[in-house]
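Accompanying notes for the structure given below.
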Amino acid sequence: MEKTYYNPDDLKKFGNVGDYQKELADKFFDYYGAVFADSSLSAKEKSIIALAVAHAVQCPYCIDAYTQDSLEKGFSEEQMMEAVHVATAIRGGASLVHGVQMMNKVDKLTM
Amino acid sequence: MKSLIAQSHSLADPEVQLDVINNHSEKVKNFDKFQKKLNEIGLFPLLPTGIEIFQINVGYMCNMTCKHCHVDAGPDRKEIMTRETLEYCLEAIRTSGIETVDLTGGAPEMNPHFRWFVDEASKLNKQIIVRSNLTILDTKKFEDLPRFMAERGVEITCSLPFYNKRRTDAQRGEGTYEKSVKILKMLNEIGYGKEQEGLRLNLVYNPVGAFLPADQKSLKQDYKERLWKDHGIIFNDLFTITNLPISRYLNFLLTSGNLEEYMEKLVTSFNPSAAMGVMCRNTISIGWDGTLYDCDFNQMLKLRTNHGAPDHIKNWDLKKLNSREIVVNQHCYGCTAGAGSSCGGSVT
């Protein structure tokens with residue numbers, strides 16, 4: 001067994017998932033390509049969204065890939081960090097908004 | 001910071017650089033040779049489409065020592081083109097009908113014969129481009145140069161690797177962004193960058209790190225918006241230029257552990273359309289000592305024109321040079337990756 005769960009070189013082997021199930025892998029990668037193409041949103045806009053989502057789902061492969069991609073799409077460090085803060089705000093907000101549920105329960109249980 | 005050559009650094013030797021980009025590791029060794037890639041698309045040997053740009057490197061001396069510089073230029077470099085060699089250049093320009101004269105360096109303004117040469121070239125009614133680092137124009141000795149160039153209709157193409165201070169100063173040294181902004185404002189004041197004045201002011205973007213340039217059109221829009229909003233600066237065009245893995249940039253790739261990944265990126269991003277439009281096909285590069293090269297990068301690797309073509313300005317022969325075979329090596333992948341790269345920006 002590898003000493004670490006994540007190996008940066010594994011990202012380049014992503015396509016190998018098709019070795020075990022080609023049909024679904026092909027569908028996924030076709031879909032993936034279509035998602036990131038210029039459309040109603042530009043490929044550039046999609047790149048910074050992907051960077052934020054990568055942080056929200058804490059995927060190290062995606063963070064590496066979309067950090068590089070964001071730089072190559074012309075984003076500044078400040079813009080990239082603001083995108084991470086958007087992910088952070090949503091994640092933090094998702095926890096905090098549950099505080100209302102806690103408050104509801106407190107109201108019910110207490111005098 | 002000293003140049004690599006002043007540090008007696010091994011990478012100051014072009015042969016060492018070529019060895020690194022060909023043989024650094026098993027992975028690097030296994031990348032397809034550039035020649036093979038050209039062969040696969042029927043472009044080898046790579047032939048000129050006809051020389052349209054006469055690019056003279058008038059010397060490696062510079063007031064700056066940028067981290068990515070492919071020339072390894074700096075204040076400690078003393079190589080400067082003599083007036084005699086510049087006269088040979090003028091004669092070649094005069095007899096060849098080439099329309100564009102592109103002056104680069106180092107800081108081309110630091111050549112003591114710069115003003116004389118620009119005067120002479122402008123009398124020939126050529127398009128003259130000066131590649132300026134901007135900061136040189138913020139010195140007492142050169143402060144009158146912008147007006148001198150404006151009066152002669154010189155096009156200024158200048159380095160500004162990003163529209164903010166962080167990245168600009170990271171690549172070019174602390175304080176560069178502020179000085180660059182000051183000079184760009186002054187160039188605007190005397191008419192540069194304004195369509196109606198006809199004085200062209202172009203900016204050059206180089207990635208500040210181990211990644212490829214952004215889309216030129218999109219980045220130009222970002223620069224236009226940010227420089228206008230932040231400083232009231234206008235300019236005509238933005239050229240995105242890929243960093244080639246040579247000299248100081250190669251040193252950065254090695255010391256930061258990015259060489260293999262970057263070379264892989266260049267190789268896997270090979271674009272046949274970009275290969276069709278590489279600048280060496282319509283450019284000739286003249287070194288400070290008069291030696292001829294297919295481009296400024298080959299010049300720094302001391303890969304002179306070959307295959308029977310003249311290799312010195314004293315032996316200028318347009319017909320022979322237009323039918324030469326261009327010398328290629330692994331660094332050439334830098335000009336064919338993605339949208340391609342040239343001194344005039346992307347090529348596709």
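The values are calculated or read from the model by the stated rules, or taken from the named source; none is laboratory data. Just so we're clear, the structure is a prediction, and the values are computed from it rather than from any experiment. Please note: Cβ atoms are built from the backbone with ideal geometry, for glycine as well, and neighbour counts cover all protein chains shown. The protein model used for the area step is the full one, side chains on, heavy atoms only, and it has no ligands, DNA or RNA in it. Shrake-Rupley method; radii C 1.70, N 1.55, O 1.52, S 1.80 Å.
Out of B:Asp289, B:Asp296, report the one residue that is open to solvent by less than 60 Å² (accessible area, probe 1.4 Å) and of a type in the set (D, E, K, R). Testing whether each residue is open to solvent by less than 60 Å² (accessible area, probe 1.4 Å) and of a type in the set (D, E, K, R) leaves just B:Asp296. Screening B:Glu195, B:Glu189 for residues that are among the acidic types (Asp, Glu) and either farther than 13 Å from B:Pro146 by Cα or within 14 Å of chain A (Cβ to nearest Cβ) (or both) leaves exactly one candidate, B:Glu195. All told, B:Leu46 falls short of being under 21 Å from the mean Cα position of the chain (by Cα) and not in a loop (DSSP other than H, G, I, E, B).
Residues checked against (1) surrounded by fewer than 16 Cβ atoms within 10 Å (Cβ to Cβ); (2) touching a helix residue (DSSP H, G or I) at 6+ places or on another chain (Cβ under 6 Å):
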{"position": "B:Glu178", "(1), (2)": "yes, no"}
{"position": "B:Ile183", "(1), (2)": "no, yes"}
{"position": "B:Leu201", "(1), (2)": "no, yes"}
{"position": "B:Val204", "(1), (2)": "no, no"}
{"position": "B:Asp215", "(1), (2)": "no, no"}
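As a summary of the residue check, B:Leu203 satisfies the conditions (1) part of a helix (DSSP H, G or I); (2) within 14 Å of chain A (Cβ to nearest Cβ) except for the one numbered (1). The set of residues in the range B:149-175 being more than 14 Å from chain A (Cβ to nearest Cβ) and open to solvent by 10 Å² or more (accessible area, probe 1.4 Å) consists of B:Ala150, B:Glu151, B:Arg152, B:Gly153, B:Glu155, B:Ser159, B:Arg172, B:Gly173, B:Glu174, B:Gly175. Cβ separations smaller than 9 Å between residues 6+ apart or across chains give the following pairs from the range A:27-54 residues that are free of Cβ contacts under 8 Å to residues at least 24 places away in the same chain and within 14 Å of chain B (Cβ to nearest Cβ) to residues that are aromatic (Phe, Trp, Tyr) and open to solvent by less than 80 Å² (accessible area, probe 1.4 Å): A:Lys46/A:Phe36.
Please go through the range B:77-128 and give me each residue that is of a type in the set (S, T, N, Q) and out of contact with any Lys or Arg (no Cβ under 6 Å at 6 or more places or on another chain), ordered by number. Listed by number, the residues that qualify are B:Thr82, B:Thr85, B:Thr95, B:Ser96, B:Thr100, B:Asn111, B:Asn125, B:Gln127. Only a single item in (1) over 28 Å from B:Asn164 (Cβ atoms); (2) open to solvent by less than 90 Å² (accessible area, probe 1.4 Å); (3) of a type outside the set (Lys, Arg); (4) touching an Asp or Glu at 6+ places or on another chain (Cβ under 9 Å) is not met by A:Gly15, and it is number (4).
Results for (1) within 21 Å of B:Gln216 (Cα to Cα); (2) not in a loop (DSSP other than H, G, I, E, B), shown as yes or no for each residue.
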residue	(1), (2)
B:Ile284	no, yes
B:Asp289	no, no
B:His307	no, no
B:Lys314	no, yes
B:Tyr333	yes, yes
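Taking the range B:64-183 as the region of interest, the helices (runs of 4 or more DSSP H) fully inside it that hold 1 or more residues being closer than 25 Å to B:Glu52 by Cβ and not charged (D, E, K, R) are B:83-96, B:114-123, B:145-151. When the residues of the range B:218-277 are filtered to those that are free of Cβ contacts under 8 Å to residues at least 24 places away in the same chain and within 15 Å of B:Val28 (Cα to Cα), the one that is most open to solvent (accessible area, probe 1.4 Å) is B:Thr268. Here B:Ala309 fulfils each of the conditions (1) open to solvent by 10 Å² or more (accessible area, probe 1.4 Å); (2) in contact with a Phe, Trp or Tyr (Cβ under 7 Å, 6 or more places away or on another chain) apart from (2). B:Ile234 falls short on exactly one of the conditions (1) within 19 Å of B:Gln171 (Cα to Cα); (2) outside any helix (DSSP H, G or I), and that condition is (1).
On the basis of being touching a residue at least 24 places away in the same chain (Cβ under 8 Å), closer than 30 Å to B:Thr176 by Cα and buried (at least 18 other Cβ atoms within 10 Å of the Cβ), does B:Ala73 make the cut? It is true that B:Ala73 is touching a residue at least 24 places away in the same chain (Cβ under 8 Å), closer than 30 Å to B:Thr176 by Cα and buried (at least 18 other Cβ atoms within 10 Å of the Cβ). Among residues of the range A:80-108 that are farther than 22 Å from A:Lys46 by Cα, none has a Cβ under 9 angstrom from a residue that is charged (D, E, K, R) at a sequence gap of 6+ or on a separate chain.
Within the range A:65-88, restricting attention to residues that are surrounded by 15 or more Cβ atoms within 10 Å (Cβ to Cβ) and among the hydroxyl-bearing types (Ser, Thr, Tyr), the residue that is farthest from the other protein chains (Cβ to nearest Cβ) is A:Tyr66.
Here B:Asn111 meets the list (1) open to solvent by 10 Å² or more (accessible area, probe 1.4 Å); (2) in contact (Cβ under 8 Å) with a residue 24 or more places away in the chain; (3) more than 14 Å from every other protein chain (Cβ to nearest Cβ) almost entirely, failing just condition (1).
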